[in-house]
Structures are given as structure tokens and as C-alpha cells.
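Below: one structure, written as C-alpha cells.
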Amino acid sequence: MAAGITPTIATRSAYPEVVRAMVANGVGYALFNVRPRSDQSLDGRKLVSIRLAGQHRPMTIGIATLRALTRSKLIEAFCGHCRARISRAYIPGMVAPAMTERSRINK
């Protein structure tokens, strides 16, 4: 939007793997705010990720709860699990922003 460019959107899907398969099969291109670790779609076809030029806001991951409700042991355990396993250096199933920056600098 900041560049004044409006993409032509042919279709949308709530399922990222459907979009990845369509792109891998030459149907078009897609913009995602995350980069999966795999460079293949589910049907085995190759995908190529290209970083957009410029500075972009990072994705923010969070947990929303109601302050008025007491957190159960299950919710506390889930929050602890997320804090222990998600960071700028590691996002399960994705190439984390810190890793993307590191690979870009090392090239």
C-alpha cells in the first residue's frame, strides 16, 4: 500500500497449503507474512520465496485472555509452552525472522 501498488486478487483461500499448491503449479503468486520451512507444496512441487524489499512490520504473535477470568492450569501450561518454544530465533514450522535475516546477511 505504501508503494501505491494494488495487486489483482483472482482468488482467496483460508488454507495456506491450497495457495502454496496453486502457486507451485503455476497458477499465480502469493504474498504471505510468514515463511514456512518447506520449499515444497504438499504435492511435492518446488516453491521459491522472495523477500520483499524495504522495511516491513514483523508479525506479532500473542495470546489473548480475559483479565476477569482465572487462568486454568491447562491455559498456564499452554502459555508456558509457547514462551519456551516461540522466539525470534525459532517459530515452529516456519523460518523465523531472525533466521531469515541471518541467511540474508550471510549471502
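Kindly indicate whether any position in the stretch 73-80 is out of contact with any helix residue (DSSP H, G or I) (no Cβ under 9 Å at 6 or more places or on another chain) and outside any helix (DSSP H, G or I). The answer is no; no qualifying residue exists.
Within the stretch 89-97, is there a residue that is at pLDDT 90 or above, surrounded by 10 or more Cβ atoms within 10 Å (Cβ to Cβ) and in contact with a Ser or Thr (Cβ under 9 Å, 6 or more places away or on another chain)? So far as the stretch 89-97 goes, no, none of its residues is at pLDDT 90 or above, surrounded by 10 or more Cβ atoms within 10 Å (Cβ to Cβ) and in contact with a Ser or Thr (Cβ under 9 Å, 6 or more places away or on another chain). Tell me, yes or no, whether the stretch 2-20 has at least one residue that is surrounded by 12 or more Cβ atoms within 10 Å (Cβ to Cβ), of a type in the set (Asp, Glu) and out of contact with any helix residue (DSSP H, G or I) (no Cβ under 7 Å at 6 or more places or on another chain). So far as the stretch 2-20 goes, yes, one or more of its residues are surrounded by 12 or more Cβ atoms within 10 Å (Cβ to Cβ), of a type in the set (Asp, Glu) and out of contact with any helix residue (DSSP H, G or I) (no Cβ under 7 Å at 6 or more places or on another chain). Checking each residue in the stretch 32-62 for being modelled with pLDDT of 85 or more and either surrounded by fewer than 10 Cβ atoms within 10 Å (Cβ to Cβ) or over 30 Å from ALA21 (Cα atoms) (or both) picks out GLY44, LYS46, VAL48, ILE50. Residue check: ALA14 meets all listed conditions (1) of a type outside the set (D, E, K, R); (2) assigned to a loop (DSSP other than H, G, I, E, B); (3) at pLDDT below 90 but one, namely (3).
The values are calculated or read from the model by the stated rules, or taken from the named source; none is laboratory data. Treat the numbers as computed from the prediction; the structure is a model and nothing was measured. Note that we place each Cβ from the backbone using ideal geometry, even for glycine, and neighbour counts take in every protein chain shown.
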